Amino acid sequence: QVLLVESGGGLVQAGDSLTLSCASSGLVFSTKTMAWFRQAPGKEREFVARISRIAAATTYTDSVKGRFTISRDNAEKMVYLQMNSLKSEDTAVYYCAASTWPEPRAEQYDTWGQGTQVTVAS
């Protein structure tokens, strides 16, 4: 069974830091492009960050550049999202996703986690 399980969410204050983790099982992790998405209440799910198979390339949405860092550990089959200088607008459910494509569009991610809630109090 292919699974992605996120953890690390919680309630923090604006300006705080938080690190999300995503554990994978049942897939050949090193062959997957991994990404984080988020969905705020009443909004569409949006792309946050992406990391290539061997961590050679990362991509971020503009609103998190300089504040968030995506990383991966292929040996442990984990992907992380380090979030610094959190803002109230970062409040959302954060999802981990995997794709076999090297530069996937959102619809090309074929495996999703259940999400973890991040709430940033202002």
For Gly10, other-chain or 5+-apart residues with amide H closer than 5 Å (H placed, Pro excluded) are Val118, Thr119
Could you go through the stretch 109-117 in sequence order and give the Karplus-derived ³J(HN,Hα) for each residue, using 6.51 cos²θ - 1.76 cosθ + 1.60 with θ = phi - 60°, rounded to whole Hz, and x for Gly and Pro? 8, 10, 9, 10, x, 8, x, 9, 7
How about Lys32: which aspartates and glutamates have a C-alpha closer than 17 Å to its C-alpha, ignoring those fewer than 8 places off in the same chain? Glu6, Asp73, Glu76, Glu103, Glu107, Asp110
Value of relative contact order over the chain, rounded to a whole percent, pairs C-alpha under 8 Å and six or more apart: 35 percent
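Please compute one quarter of the surface area of the Cα convex hull for the stretch 74-122 and express it in square nanometres. Walk me through the numbers on the way to the answer.
On the way: hull surface 18.6 nm².
Here the figure is 4.6 nm², rounded to one decimal.
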Tabulate in residue order the Karplus-calculated ³J(HN,Hα) for the stretch 72-79, using 6.51 cos²θ - 1.76 cosθ + 1.60 with θ = phi - 60°, rounded to whole Hz; enter x for Gly and Pro. 8, 10, 5, 5, 8, 6, 10, 10
Have a look at the chain and give its Rg and Dmax from the Cα atoms, expressed in angstrom. 13.3, 40
Under the Karplus curve 6.51 cos²θ - 1.76 cosθ + 1.60, θ = phi - 60°, whole-Hz ³J(HN,Hα) for the stretch 55-68, x wherever Gly or Pro sits: 6, 7, 9, 10, 9, 10, 6, 4, 5, 10, 4, x, 10, 10
Show the residues, 5+ positions off or on another chain, whose built amide H is closer than 5 Å to the amide H of Leu86. Gly15, Asp16
Net dipole in debye of the chain [+1 Lys, Arg Cβ; -1 Asp, Glu Cβ; about Cα centre; nearest 20]: 140 debye
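Every number here is computed from the coordinates shown, using simple stated rules; none is lab data. Because the structure is a prediction, the values reported are computed rather than measured. No Cβ is skipped: glycine too gets one built from the backbone with ideal geometry, and neighbour counts run over all protein chains shown.
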